[in-house]
Each structure stands twice: as C-alpha cells, then as structure tokens.
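Asker: Have a look at the structure that comes next, please.
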Amino acid sequence: MGFRFQRRITLAPGIRLNLSKRGLGLSVGPRGASLSVGPSGVHGHAGIPGTGLGYRQKLNPRNRHVSGSSGGAGRSSPADGLDALLSQGESLPVQLEIDAQGGIHYFHGDGTPMRDDEARVLRRHARESLRVQLAQHCERLNADLDRLGKLHEDAPHPHHNGYTTQGFTEAPPSPPELSPPVWWHLLWPPAKRQVAMENQRRQAVFEEAYRSWEWRKAEHDAAEFARQQRESEGVMHDLDAMAQTLGERLEEIDWPRETAIDFDLGSDVSTIAVDIDLPSEDEMPDRYWTMPAKQVKLTPRKLSDTRQRKLYRDHVHGIAFRVLGAVFARLPTVQEARVSGCRQVTDAATGGERDQYLYSVKVSRSQWEKIHFDKLDQVDPVAAVEAFALRRDMTKTGIFRDIEPFKLV
C-alpha cells in the first residue's frame, strides 16, 4: 500500500548557480568598485566636473553622445564620452553577464549592451576594479557549489524545540511637517485658511498611515504569538499543528535547489513519512571557476566524473539529513521518521517518466540523538545515513539502482 500524503510543499531555492542570468551589478571607476546586490544599476546623466560635458546613457546606444556647454553640441563617439568620463575619476554603473565559458559581456546600468570599443575603454580604466569584483564573485560561485554537499551541517539539534517570536521590523510612519503660521497671514486670511487646510490634510494622511501600520503590527504580533503557541503546545497533540509547523520550518531553510517534499503523519503523533523529490544528476553544476592572471574573465574547470558523482551523492543524502533534522527538532513527539528520496527518470520500456527511489531510511529519535551536532562539519552524510535502517542500492562510484521504499504503517 502506497503513501497517502496529506501535504506537499515546494521549497524555493535560496542560492542560484545559473550563470546565464544577469545579476552582477557594479559601479566601476579608477577610484574603486562596489558590488550591487540587485541586477539593475542606477542610470541617468553623469557629468564631468569642470568641463560642462556629460555622458548620457539612453536605451538606444546609437543616441548616446557627449555634449559641450559652449558653442552648441559637439558630437563624439560613445567610447570617447566614456573615456572622458572615467578619465575624470567619475564612476559608472555597469552590469556584467557571465556566460557558461566564463566570458564577460558588458551592459550599461540601464541594461543596454555596451559596444566593443566601450568595453575596451572600460577594461582599460577599471581593470583592477573589475578583477576584484569578479574574483569575489568567483569565490561565491565555488562556495555555493561546495555547499551543495554540506547541507547536513546546518541540521539543528533535536532538543532545539519551540519558536522564538520575531519583532515587527517595519518602522512607523513619521509625523508630518506642518507649516507654521507667519505674520502676514493676519493680513491675508485666505492664505491662513489654505495653510491650515494643508496641515489638516497632512495630519489626516499621517493618521491613516499610522492606523494602517498599527493594524499590520497587530496582525504580525498575533501571528507570531499563534506560531509560538502552536510550536510549544500544539505540536504535542495536534496533527494539523504538527503539519503546519514542519511545513513552515522546511520553507525557511535556505535550499540550494527547488525541492518538493511530501509528508504524512501516522495515525498518532509518533511517526512520520517524508517523500523527497530529488534533483537529477544533470541538474547539478559540473564545474569550478578560476580567474586567469591579469585577465578580466573567469575560466571554468570541469569537475571529474568521480567528483560530480560524489557531489551528487553527498547532496541527495544531505537533503535527507537536513529534513530529518527539521523533523526531530520541530516535532518533539515524533519517535520514528521514514524518509525516502526519488528522482524522475525515463522508463526504458515505455519512454515515459517514472519515479526512481534512490534511498529510503528509517530513523528513531534515540538513534538520531546519538549524532554529535556540535561536530557536523566532521560528519559524512552518506555514512550517517548508513548507520540507520537503510534501503539503497548504490555502487562505490555513486551509481544508484531502483529500490522499494519503506511504507508508513
């Protein structure tokens, strides 16, 4: 008899390793560079101090020009304008796109592609600034890749139960600045009435905004109190409270890949079955990144087949470990958890898609509590799972074959 899962949640990824997406925003210039979190940069007119010249960024790159302040408009190429701007020490918002081969494509802050001559000017003036930022970006990419095999390190201790309420972070609206009366209002009553009416309008707008803020704060505080009560009392006896608590906790985890999880609580509050929709091997990154000396680019270094399989093996077992951590920490009455992981494969007999279960593990709370949670960086997630009741058919090189998962009885 198969699982009858009562809830499915899709966990959004917190880290994205897709290099084809634009997201490295820089402000570059001879004085240094800064990294912008967002994909869009600031755009507009940047002036060159003391010259009356300016470099204007427009959506159509052919319309960008340098204009003089005397004797009408003097025209030059966009690259000349960019050269003049950066020569004066001004900074310029830039977006970079890194392709799968590590090549860098340059865009203005408004997303308009740079011409080749503009990119050359930019590299000449800001080479070191660009290299600093790209080196940091390279380190983040490699750290994110390494993290795929270390999900288990963030598993909580099983005794870390309950929930700490979070304060309302939104600041209240500021009181309005009211216009004070002036002496000549005594001579012109209509002006005095107009100022008074404007002050009343500002005050009314403020009071309405403040009431709305108070409602949002009250709703937040009520939701936090309800969650605290649910996670301290409801999880001890209420199946719905247990399901909501686990779902919220799993959604708060910073998942590297989108992950779908089904879970079903047993007939009482002591057992749970979890089904994880695992990524396939071809969804995993297959390269590290390095930065060549003196060049403004990144170079991909393909992982060996052995390294890729180890990364995948550690990742899929780490997901199970991380889910077990959430179960035993957030649901203190659960005494046994059964976690199974499957992926979509092509059925050779039909050509259609089917679920292939890679592992199924049965863990008791007493077994789970034997793990040293203060030394998770020394734990191998594959070896840790092997210490429990396990169904898995995996070769030494990390190739999986079908298994039949444990059932919730």
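The values are calculated or read from the model by the stated rules, or taken from the named source; none is laboratory data. All values reported here derive from a predicted model rather than from experimental measurement. For neighbour counting, all protein chains shown are included, and Cβ atoms are generated from backbone atoms with ideal geometry for every residue, glycine included. Ligands, DNA and RNA are stripped out before the accessible areas are found, and what is left, the full protein with its side chains, is counted by its heavy atoms. Shrake-Rupley method; radii C 1.70, N 1.55, O 1.52, S 1.80 Å.
Asker: Check off (1) assigned to a helix (DSSP H, G or I); (2) out of contact with any Leu (no Cβ under 9 Å at 6 or more places or on another chain) for R301 and give me the number that stays unchecked.
Answerer: Answer for R301: the failing condition is (1).
Asker: Anything in the stretch 77-122 that is in a helix (DSSP H, G or I), open to solvent by 10 Å² or more (accessible area, probe 1.4 Å) and among the acidic types (D, E)? List them, or say none.
Answerer: D80, D83, D116, D117
Asker: Restricting to the stretch 233-260, name every residue that is among the acidic types (D, E), in a helix (DSSP H, G or I) and over 28 Å from the mean Cα position of the chain (by Cα).
Answerer: So in the stretch 233-260, the residues among the acidic types (D, E) come out as 233, 238, 240, 248, 251-252, 254, 258.
With in a helix (DSSP H, G or I) added as a condition, the list becomes 240, 248, 251-252.
Scanning the stretch 233-260 gives a single hit, D240.
Asker: Going by the conditions given, is A196 touching a strand residue (DSSP E or B) at 6+ places or on another chain (Cβ under 7 Å), more than 30 Å from W255 (Cβ to Cβ) and at pLDDT below 95? Step through it out loud before you land on a result.
Answerer: Values: touching a strand residue (DSSP E or B) at 6+ places or on another chain (Cβ under 7 Å): no; more than 30 Å from W255 (Cβ to Cβ): yes; at pLDDT below 95: yes.
Against the criterion (touching a strand residue (DSSP E or B) at 6+ places or on another chain (Cβ under 7 Å), more than 30 Å from W255 (Cβ to Cβ) and at pLDDT below 95), A196 does not qualify.
Asker: Give the residue, chosen from R338, R307, R313, that is assigned to a strand (DSSP E or B) and either within 18 Å of H152 (Cα to Cα) or free of Cβ contacts under 8 Å to residues at least 12 places away in the same chain (or both). Outline the logic, then answer.
Answerer: Working: R307 fails: assigned to a strand (DSSP E or B); R313 fails: assigned to a strand (DSSP E or B).
Just one listed residue meets the conditions, R338.
Asker: Kindly indicate the residue of the stretch 267-288 that is closer than 17 Å to D240 by Cβ and open to solvent by 10 Å² or more (accessible area, probe 1.4 Å) and also modelled with the lowest pLDDT among those meeting that condition.
Answerer: Result: S267.
Asker: What's the number of the condition R257 fails, among (1) more than 22 Å from D355 (Cβ to Cβ); (2) at pLDDT below 90; (3) open to solvent by 40 Å² or more (accessible area, probe 1.4 Å)?
Answerer: Against the list (1) more than 22 Å from D355 (Cβ to Cβ); (2) at pLDDT below 90; (3) open to solvent by 40 Å² or more (accessible area, probe 1.4 Å), R257 comes up short only on (1).
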